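Notes for the one structure printed next.
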Amino acid sequence: MATRTTHGSVLLIGASRGLGLAIAAEYVARGARVVATVRGSGRTALHELREESGGLEIQEGVDVTVPGQVRALRRRLEGCSFELLLVNAGIATNSDPADITDEEFNRVMTTNALGPLRAIELLGDLLGADGTIAVMSSGQGSVANNSRGGFDVYRASKSALNQLVRSYAARHVDDPRTLLLLAPGWVRTSLGSSDAPLSIEETIPHLVTTVDNQRGHGGLQYLDRFGGVVPW
Ligand SMILES: NC(=O)c1ccc[n+]([C@@H]2O[C@H](COP(=O)([O-])OP(=O)(O)OC[C@H]3O[C@@H](n4cnc5c(N)ncnc54)[C@H](OP(=O)(O)O)[C@@H]3O)[C@@H](O)[C@H]2O)c1
């Protein structure tokens with residue numbers, strides 16, 4: 001029997017597969033009511049999860065790079081309230097910064113930095129004063145820890161995300177809600193590749209426990225899956 005969550009209702013953005021799907025499954029197993037989003041309207045692994053378990057609702061057609069789709073989700077959720085908003089959506093690139101096209105650079109930055117920030121701006125009012133807003137960052141977003149480079153544009157997009165969320169926190173200094181930037185570790189998913197040292201099963205239960213342990217703490221933290229502080 002899984003530990004019960006401290007977040008009884010969860011809005012999860014970007015959960016068709018990978019870490020987002022596993023986070024949805026973990027919160028359902030911990031007894032939460034979960035509303036999780038996918039980009040398209042086709043069948044995904046999240047739809048299979050919904051068939052196997054209660055407590056999961058899927059909202060389709062939510063691309064974080066399309067503000068109108070996030071606003072439409074907000075309208076559909078009018079009257080609902082959540083204890084956790086977790087924005088997981090993200091993409092990677094390994095294109096060299098000297099060669100990357102403007103189009104790809106903009107796509108990575110918009111998906112990983114601007115899209116999540118817009119999502120918390122547009123959906124944040126669905127949470128009560130003791131709610132938690134968490135955003136999937138990456139250890140690669142740490143400027144302080146960047147001694148080796150690699151995946152330069154992806155890193156820059158997660159650093160930009162961290163900076164935008166820090167500015168959001170500074171603009172909402174009297175807001176009692178908890179803000180988290182999460183660094184799950186390098187995990188075997190389509191994005192993380194089969195070279196990654198960690199499985200989803202080794203990662204997500206710890207990450208969800210870390211999010212749950214932060215309930216009600218307030219302020220902004222950049223944390224790894226075990227709750228350790230990641231230097232900015
Ligand atoms: N895996 C790792 O090692 C690792 C490490 C650190 C951080 N992260 C972060 O963790 C998050 C999830 O990564 P993952 O490894 O699970 O990757 P993944 O398996 O490639 O899954 C990415 C998820 O994000 C969704 N997504 C992508 N672009 C989107 C958009 N514009 N709007 C809405 N949803 C979108 C995808 O939906 P579709 O199915 O529609 O594409 C999919 O559900 C990302 O933010 C990633 O940067 C991953």
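The values are calculated or read from the model by the stated rules, or taken from the named source; none is laboratory data. Note that the structure is predicted; figures quoted are calculated from it, not measured. No Cβ is skipped: glycine too gets one built from the backbone with ideal geometry, and neighbour counts run over all protein chains shown.
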Say we look at region 13-25 and pick out the residues that are within 17 Å of H206 (Cα to Cα) and of a type outside the set (G, A, S); which of these is farthest from the ligand (Cβ to nearest atom)?
I23
Is it true that some residue in region 129-147 is away from the ligand (no atom under 13 Å from the Cβ), surrounded by fewer than 20 Cβ atoms within 10 Å (Cβ to Cβ) and closer than 19 Å to E83 by Cβ?
yes
Can you pull out every residue in region 166-186 that is assigned to a helix (DSSP H, G or I) and not polar (S, T, N, Q)?
R166, Y168, A169, A170, R171
So if I check each of G227, G216, G192, which one is near the ligand (Cβ under 10 Å from one of its atoms), out of contact with any Cys (no Cβ under 7 Å at 6 or more places or on another chain) and in a loop (DSSP other than H, G, I, E, B)?
G192
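Considering only residues that are of a type outside the set (S, T, N, Q) and surrounded by fewer than 17 Cβ atoms within 10 Å (Cβ to Cβ), look in region 75-90 and name the one that is farthest from T37 (Cα to Cα). Please lay out each step first, then the result.
In the first step, residues of region 75-90 are kept if they are of a type outside the set (S, T, N, Q); the result is 75-80, 82-87, 89-90.
The next check asks that each one be surrounded by fewer than 17 Cβ atoms within 10 Å (Cβ to Cβ); those that pass are 75-80.
On the way: R75: 14, R76: 12, L77: 12, E78: 16, G79: 18, C80: 15 Å.
Result: G79.
Check S137, S142, S157 and return the single one that is within 21 Å of S95 (Cα to Cα), in contact with a Leu (Cβ under 8 Å, 6 or more places away or on another chain) and modelled with pLDDT of 95 or more. Don't jump to the end; show me each part of the working.
On the way: S142 fails: in contact with a Leu (Cβ under 8 Å, 6 or more places away or on another chain); S157 fails: in contact with a Leu (Cβ under 8 Å, 6 or more places away or on another chain).
When all the criteria are applied, what remains is S137.
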Among the residues of region 26-49, how many are near the ligand (Cβ under 9 Å from one of its atoms) and in contact with a His (Cβ under 9 Å, 6 or more places away or on another chain)?
1
Looking at L56, L161, L126, L114, which is the one that is touching a residue at least 40 places away in the same chain (Cβ under 8 Å) and closer than 20 Å to T5 by Cβ?
L126
Residue hits (region 178-196; in contact with a strand residue (DSSP E or B) (Cβ under 6 Å, 6 or more places away or on another chain) and either under 29 Å from G216 (Cβ atoms) or among the polar types (S, T, N, Q) (or both)) are T178, L179, L180, L181, L182, A183, G185, V187
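Among D125, D175, D152, which is out of contact with any Lys or Arg (no Cβ under 8 Å at 6 or more places or on another chain) and either within 15 Å of Q221 (Cα to Cα) or of a type in the set (A, V, I, L, M) (or both)?
Details: D125 fails: either within 15 Å of Q221 (Cα to Cα) or of a type in the set (A, V, I, L, M) (or both); D152 fails: either within 15 Å of Q221 (Cα to Cα) or of a type in the set (A, V, I, L, M) (or both).
The unique qualifying residue is D175.
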When residues of region 46-93 are filtered for being out of contact with any Ser or Thr (no Cβ under 9 Å at 6 or more places or on another chain) and on the phi > 0 side of the Ramachandran plot, how many remain?
2
Going through region 1-12 one residue at a time, which ones are surrounded by fewer than 20 Cβ atoms within 10 Å (Cβ to Cβ) and either within 13 Å of the ligand (Cβ to nearest atom) or within 16 Å of T210 (Cα to Cα) (or both)?
A2, T3, R4, T6, G8
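Name every residue in region 1-34 that is among the charged types (D, E, K, R) and outside any loop (DSSP other than H, G, I, E, B), in order of residue number. Quick ask: steps written out before the conclusion?
Initially, region 1-34 is screened for residues among the charged types (D, E, K, R), giving 4, 17, 26, 30, 33.
Selection gives E26, R33.
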